[in-house]
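Take a look at the structure set out below.
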Amino acid sequence: MSKFTPEQKKIAFALVQGSKSVDALNKSLGMPFDVLNENLKQMHKLNLVKVEGYPSKYMLVESVLEGVRRRKEIAEKDPFELRLKATIEITAVEESFLKKHMKEIEGKLKEQKVLTIYDVYQAPTLRQGTHFRSYLEVNLSAKDFTAIVQFMYFFGPTSVEVIKPAKITLAMDDLQDALMEMAQMIQAYNHTMLKSMAKEELEEFAKNLYMPVDRDKSK
């Protein structure tokens with residue numbers, strides 16, 4: 001399914017039950033007419049919706065309708081409450097390797113029993129100098145905080161947005177497991193990094209390791 005903006009997602013879910021006019025969408029979504037019309041215009045241009053009848057009514061094209069229904073079905077069966085949207089960036093020297101790597105990442109994401117994958121959007125490939133770049137935008141839910149820590153470490157997203165809930169309560173066991181996972185991962189990373197550093201680099205690293213972080217950027 002094509003990538004939606006937040007406003008377009010609301011419109012798409014409103015159109016799952018059937019076609020609606022601009023007036024009907026305005027009443028059900030409370031979205032201003034100028035914002036609504038602009039997003040409908042873009043969705044029509046991208047072949048996400050079609051227009052029929054008079055007065056005009058908008059409806060989702062069949063492929064998009066199936067995707068929205070599928071996400072709704074996943075949500076109804078999803079046992080996890082922590083919903084996230086993450087971006088995973090990939091760079092490679094060959095376009096074929098980039099596409100292969102992205103496919104492998106998507107496959108590994110879907111294998112994770114502590115994650116529920118709603119959808120994965122693969123951005124177009126861009127060439128920058130001698131390298132090829134792209135990214136995966138993943139809409140998912142996680143079993144608990146520990147699952148999020150594992151996701152962050154093993155898949156290395158460059159950005160993460162928490163969709164819901166607005167507030168969470170962490171169980172002590174979950175927090176303890178997550179902290180232990182983080183400690184082990186950091187120790188493993190540090191051990192590998194330190195082995196590759198020269199003596200001078202190690203001395204500089206040790207000197208700066210415990211320097212306090214100045215959080216007041218205004219000073």
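The values are calculated or read from the model by the stated rules, or taken from the named source; none is laboratory data. These numbers come from a predicted model, not from an experiment. Here the Cβ is made from the backbone with ideal geometry for all residues, glycine too, and neighbour counts use every protein chain on show.
Below, the figures for the structure above:
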quantity: Residue ID - surrounded by the most Cβ atoms within 10 Å (Cβ to Cβ), chosen from residues in the stretch 120-167 that are outside any strand (DSSP E or B) and aliphatic (A, V, I, L, M); calculated: ALA147
quantity: The listed residue being among the aliphatic types (A, V, I, L, M), in the same structural domain as PHE155 (by TED's automatic domain parsing), closer than 24 Å to LYS167 by Cα and within 19 Å of the chain's Cα centre (by Cα), out of VAL114, VAL120; calculated: VAL114
quantity: Residue list for the stretch 30-66, filter: touching a residue at least 60 places away in the same chain (Cβ under 8 Å) and either under 17 Å from GLU7 (Cα atoms) or touching a helix residue (DSSP H, G or I) at 6+ places or on another chain (Cβ under 7 Å) (or both); calculated: VAL64
quantity: Selected residue [touching a residue at least 24 places away in the same chain (Cβ under 8 Å), charged (D, E, K, R) and closer than 30 Å to THR169 by Cβ] from ARG69, ARG83; calculated: ARG83
quantity: Qualifying residue in the stretch 6-19 (condition: farther than 25 Å from LEU140 by Cα, in contact with a helix residue (DSSP H, G or I) (Cβ under 8 Å, 6 or more places away or on another chain) and in contact (Cβ under 8 Å) with a residue 24 or more places away in the chain); calculated: no
